[in-house]
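Just below is one structure, and these are the notes that go with it.
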Amino acid sequence: MRISRSAAFVIPLLLASPVIPGVAGPASPERHPVPAGQRALLAHEKEIDALIARMTLDEKIGQMTQPDQQYLASPRDIAAYHLGSLLSGGDSDPKRSNSFADWREMIDGYHAEAQKSRLQIPLLYGVDAVHGHNNVVGAVVFPQQIGLGATRDAGLVEEVARITAKEVRATGANWTFAPCVTVPRDERWGRSYEGFGEDTTLVRELGAAAVRGFQGPALSDPLRVAACAKHYVGDGGTVWGTGRRDDKHPTKGGRLDQGDVQLEEAALRRIHLAPYADAIAAGVATIMPSYSSWNGVKCSGSRQLLTEILKNDLGFQGFLISDYAAIDQLPGDYRSDVKQSIGAGMDMVMVPEKYQEFIATLKGLIEAGEVDKARIDDAVRRILRVKFAMGLAPGARAASDAALAASFGSAEHRAVARRAVRQSLVLLKNEKRTLPLAKDLKRIHVAGRGADDMPMQAGGWTVYWQGLRVAGKPEARIPGTSILAGIQAAVSKSTTVTHSKDGAGAEGADAVVVVVGEEPYAEFEGDRSDLSLGQADKDAIAAARKAGKPLVVVLLSGRPMVVTDELGLADAFVAAWLPGTEGAGVADVLFGDHKPSGKLPMSWPRSNAQIPVNVGDATYDPLYKYGYGLTY
């Protein structure tokens, strides 16, 4: 299904969203009917009853515990502590390499350890496959979600998630911490690219589509994975200056990410909660509460958010997984953190390093009567619901499927990614019919830092947490096609393509393409007060302009940037977002093999002073409005 709403309809949709049970009004004590999409999770209650009756307290607590695999004291701890889940965080990789073979061997080894426990309950293995199975070298890396938002194509989003699920299962993992159904309302936020866009209606439709793609018609499908809607709730609506500080890089972090959402409940529900209702209706199995706060209360410790609204009002039947060491941010000592979060409704806790301490602390709280045993049984029941629905009953096989290896990173999968790239491009300017470029021009000069730079093209959450190029680490190399390579492959045999990073050498070319943008980043390290282009990018555009030939600027970014001056120098300007590994998709549009069809998923600011700017603002007057996008 393709979404085709003009910007004219966005304001009433945002301000008056359709009524959704549990979304329109305040939390109520009674439980609402279970949404149809959640009923499949209730199909094994009798079997779960019997299993819970057999479980010791230690086994129950183990199911609620998720360490990061890199911090396991020994793989034998999986059985010794009855662990229900493991994860690989952003930089948590196999010891030898990030190759497909090493990932598969590592995860399958952990699955085998779980079968040595008394009850043989299989593991849920979680990864941040947020734009493809992006931790693994050789996987197809799709456009980041902001680019998918520009496509307005729910069917494409579902297909991208389906392929991602298949590549995740090929390595033995069976759970992705995606999709992100945030509604980013401030372009300065370092996670803006993880959202589909600033409009709640768009996020609702595409978020539900991603859930369907990941999970399929049935969670038991061995080609699908459990999805995780995140970060609940309002992470895209935090107030500037309330975020997490980065002591190592004080000029980067600390502005928005993990900050405070200061909204009345009605606005929180209308703007930020609604996508969760759609994800729940689509059958999402897990939900991750946010690091952020709502009116000063951390989401990870809010009973109102986790139990009263999410589980009672919205009828969510799956389980909640905390973010990476998130409960440590609750006020008080560690004992009170555990007590507050579990009491509020957290079901599984991501405790990357101190899993032994968490297990001992929770057991002590239960034995002291400070955490209700019924709350523990409820948490375990919810976890087991997901496992049983996935076919992960005690003794079941959870290892990788060797038959999937051949399709990992395949040409077929890359063709879908290339299609996603070309549908995501937004043409902001096209004077004198500069685009499409003719393929038989005598010479095309390609300039800019981003033209032949996979780290810039892919963005954060690609192999490494902060992207392929990280200080102190060797730059990770992944299969793919740069924009430069895509252009070289697209032109005629008689066309010469020259290249320089700084724009030099453009003289005498028939056309110039300059690719500029942001260095890769993730989360709070990407918070920025100034969204202007860097000086090197400005200089490259200025140098190319001096050639006096048709000038096309392609911008690689995780959000709209302040490029008003640069737009004045360009004859054509393309917002390419963070397209991933298939740069040929950009060339497809530049040369007219496919007409540009992307529409802005976020309003485009005139200046830094205008940020944040969102459709529905009382003084809404951006440079380009939400939904804008030219074609030819």
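Of the set (1) at negative phi; (2) buried (at least 24 other Cβ atoms within 10 Å of the Cβ); (3) of a type in the set (Gly, Ala, Ser), all apply to Ala489 but (2). Inspection of region 306-316 identifies no residue that is of a type in the set (Val, Ile, Thr), at pLDDT below 95 and surrounded by fewer than 24 Cβ atoms within 10 Å (Cβ to Cβ). Of the residues making up region 70-91, those that are assigned to a loop (DSSP other than H, G, I, E, B) and either farther than 11 Å from Ala114 by Cα or outside the structural domain of Arg382 (by TED's automatic domain parsing) (or both) are Leu72, Ala73, Ser74, Gly89, Gly90, Asp91.
For region 217-235, enumerate the residues that are closer than 24 Å to Arg303 by Cβ and in contact with a helix residue (DSSP H, G or I) (Cβ under 7 Å, 6 or more places away or on another chain). Correct list: Ala229, Tyr232, Val233, Gly234.
Could you check, for region 402-423, whether at least one of its residues is in a strand (DSSP E or B), crowded, with 16+ Cβ neighbours inside 10 Å and of a type outside the set (Gly, Ala, Ser)? No, there is no match, as no residue in region 402-423 is in a strand (DSSP E or B), crowded, with 16+ Cβ neighbours inside 10 Å and of a type outside the set (Gly, Ala, Ser).
Of all residues in region 359-375, those that are assigned by TED's automatic domain parsing to the domain that holds Ser341 and closer than 25 Å to Asp77 by Cβ have Cβ atoms under 7 Å from Cβ atoms of residues that are surrounded by 19 or more Cβ atoms within 10 Å (Cβ to Cβ) and of a type in the set (Phe, Trp, Tyr), 6 or more apart or on another chain, in Ile359/Tyr81. When Ala79, Ala114, Ala43 are checked against the criterion of being touching a residue at least 12 places away in the same chain (Cβ under 8 Å) and in contact with a Ser or Thr (Cβ under 7 Å, 6 or more places away or on another chain), Ala79 stands alone in meeting it. Taking residues in region 286-303 that are closer than 19 Å to Pro275 by Cβ, and partners anywhere that are hydroxyl-bearing (Ser, Thr, Tyr) and in a strand (DSSP E or B), the pairs with Cβ atoms closer than 8 Å and at least 6 places apart or on different chains are Ile287/Tyr232; Met288/Tyr232; Pro289/Tyr232; Ser290/Tyr232; Cys299/Tyr232; Cys299/Ser293.
For every residue, the table says whether it meets (1) in contact with a helix residue (DSSP H, G or I) (Cβ under 9 Å, 6 or more places away or on another chain); (2) among the hydroxyl-bearing types (Ser, Thr, Tyr); (3) under 20 Å from Asn430 (Cα atoms).
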| site | (1), (2), (3) |
| --- | --- |
| Phe524 | no, no, no |
| Ser529 | yes, yes, no |
| Leu533 | yes, no, no |
| Lys538 | yes, no, yes |
| Arg545 | yes, no, yes |
| Pro550 | yes, no, yes |
| Leu555 | yes, no, yes |
| Asp565 | yes, no, yes |
| Val586 | yes, no, yes |
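For Gly62, the stated conditions hold: it is part of a helix (DSSP H, G or I), of a type outside the set (A, V, I, L, M) and within 22 Å of Met288 (Cβ to Cβ).
Of the residues Pro550, Pro579, Pro622, Pro520, which single one is crowded, with 20+ Cβ neighbours inside 10 Å, free of Cβ contacts under 8 Å to residues at least 24 places away in the same chain and either within 27 Å of Val183 (Cβ to Cβ) or not small (Gly, Ala, Ser) (or both)? After applying the criteria, what remains is Pro622.
The values are calculated or read from the model by the stated rules, or taken from the named source; none is laboratory data. Everything numeric here is computed off the predicted structure, so don't read it as measured data. Neighbour counts run over all protein chains shown; Cβ positions are idealised from the backbone, glycine included.
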